[in-house]
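Take a look at the structure below.
The values are calculated or read from the model by the stated rules, or taken from the named source; none is laboratory data. Just so it is clear, the structure is predicted and the values come from calculations on it, not from any experiment. In this analysis, Cβ positions are derived from the backbone assuming ideal geometry, glycine residues included, and neighbour counts consider all displayed protein chains. Side chains included, ligands, DNA and RNA excluded: accessible areas come from the protein's heavy atoms. Shrake-Rupley method; radii C 1.70, N 1.55, O 1.52, S 1.80 Å.
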Amino acid sequence: MTRKFFVGGNWKCNGTPNEVKKIVTVLNEAEVPSEDVVEVVVSPPFVFLHMVKSLLRSDFQVAAQNCWVRKGGAFTGEISAEMLINLGIPWVILGHSERRLILNESNEFVGDKVAYTLSQGLKVIACVGETLEQRESGSTLAVVAAQTQSIADKVFNWDNIVLAYEPVWAIGTGKVATPAQAQEVHFELRKWLHDNVGAAIASSTRIIYGGSVNGANCKELAAQPDVDGFLVGGASLKPEFIDIIKSATVKKNA
Ligand code: PGA
């Protein structure tokens, strides 16, 4: 089963209109492998979604960084899945560790969000990952399995889910997981999917890595058999994001 390489750029809470235009110009002018080889999705803050969607090349897609757990209504400050669909935004990132840890989103809440947004026709980049403390206490697998279980409890069709393994200790720290560390968790997560969700879903679901990915470390990570792409934070705001997109060819030539 071939899984198309996936590169997501998570811009987080960054950017002015001018900076966003500059990033989009760099992306639009870049020569990258074709859509058959790599799927590219960038995720600006909500306020720039419309602008990025209208300026961005058509072979790249746009994702929101979050959305509300159910249908919209009296939920001040929230953005609903229906609104994203109406705006023509195909993807949403859910369960990012910054939301789990800073905004206290529980596994169950994230599972509900994934199920609801999928039901509305959005595609989801669902994030899981352990803290340093959890890794050091040997519970990495138990943590990512519990996070994934909360999604599996509510979702039956995984066609529109990309699973992002993002160890919290590697996010924004410059301390990237080694290729062996990433491969080990990706392998175990796929095995978990195989044993708990199903063999076909395990072999077709893309598991991407996130946490201090940059232009220099991406190729070695991309070469790992169970690493199907990346979710990139800091480096997605810089021209080196193009090099990360190009690392998809490592897979093609493997
Ligand atoms: P980083 O962030 O690449 O800046 O470590 C990754 C993420 O949070 O998705």
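Quick test of your reading of the structure: Ala170 fulfils all but one of (1) open to solvent by less than 10 Å² (accessible area, probe 1.4 Å); (2) more than 16 Å from the ligand (Cβ to nearest atom). Name the failing condition by number.
All conditions are met except number (2).
For the subset of the stretch 64-107 comprising residues that are assigned to a helix (DSSP H, G or I) and among the small types (Gly, Ala, Ser), which member is farthest from Val232 (Cα to Cα)?
Ala81
How many residues does the stretch 197-246 contain that are within 16 Å of the ligand (Cβ to nearest atom) and either in contact (Cβ under 8 Å) with a residue 60 or more places away in the chain or of a type in the set (A, V, I, L, M) (or both)?
Qualifying residue count, the stretch 197-246: 25.
Which condition does Arg3 not pass, out of (1) open to solvent by 30 Å² or more (accessible area, probe 1.4 Å); (2) part of a helix (DSSP H, G or I), if it passes all the others?
Checking Arg3 against (1) open to solvent by 30 Å² or more (accessible area, probe 1.4 Å); (2) part of a helix (DSSP H, G or I), the one that fails is (2).
Hey, can you tell me all the residues within the stretch 6-38 that are under 20 Å from His96 (Cα atoms) and open to solvent by less than 80 Å² (accessible area, probe 1.4 Å)?
Phe6, Val7, Gly8, Gly9, Asn10, Trp11, Lys12, Asn14, Gly15
Restricting attention to the stretch 135-167, and to residues there that are of a type in the set (S, T, N, Q) and surrounded by fewer than 18 Cβ atoms within 10 Å (Cβ to Cβ), which single residue is farthest from the ligand (Cβ to nearest atom)?
Asn157
Any idea which of (1) open to solvent by 40 Å² or more (accessible area, probe 1.4 Å); (2) under 29 Å from Leu27 (Cβ atoms) is the one Lys191 doesn't satisfy?
(2) is the only condition that Lys191 fails.
Condition (residue is at pLDDT 95 or above and either within 16 Å of the ligand (Cβ to nearest atom) or within 21 Å of Gly15 (Cβ to Cβ) (or both)) applied to the stretch 104-114: is it met by at least one residue?
There is at least one residue in the stretch 104-114 that is at pLDDT 95 or above and either within 16 Å of the ligand (Cβ to nearest atom) or within 21 Å of Gly15 (Cβ to Cβ) (or both).
Filter the stretch 43-59 down to the residues that are buried (at least 21 other Cβ atoms within 10 Å of the Cβ) and touching a helix residue (DSSP H, G or I) at 6+ places or on another chain (Cβ under 7 Å) and list them by number.
Within the stretch 43-59, Pro44, Phe48, Val52 qualify.
What single numbered condition from (1) part of a strand (DSSP E or B); (2) away from the ligand (no atom under 16 Å from the Cβ); (3) not polar (S, T, N, Q) fails to hold for Asp36?
(1)
For residues in the stretch 108-133 being out of contact with any His (no Cβ under 8 Å at 6 or more places or on another chain) and part of a strand (DSSP E or B), which is surrounded by the fewest Cβ atoms within 10 Å (Cβ to Cβ)?
Checked the stretch 108-133; the qualifying residue surrounded by the fewest Cβ atoms within 10 Å (Cβ to Cβ) is Lys123.
Can you pull out the residues in the stretch 122-146 that are basic (Lys, Arg) and within 16 Å of His186 (Cα to Cα)?
Arg135, the sole residue that qualifies.
Out of curiosity, is Glu166 within 15 Å of the chain's Cα centre (by Cα), closer than 19 Å to Glu184 by Cβ and of a type in the set (D, E, K, R)?
When the stated conditions are applied, Glu166 passes them.
Within the stretch 78-103, track down each residue that is open to solvent by 10 Å² or more (accessible area, probe 1.4 Å), within 18 Å of the chain's Cα centre (by Cα) and away from the ligand (no atom under 16 Å from the Cβ).
Pro90
Within the stretch 173-188, restricting attention to residues that are of a type outside the set (Ser, Thr, Tyr) and within 12 Å of the ligand (Cβ to nearest atom), which residue is least open to solvent (accessible area, probe 1.4 Å)?
Checking each candidate, the answer is Ala177.
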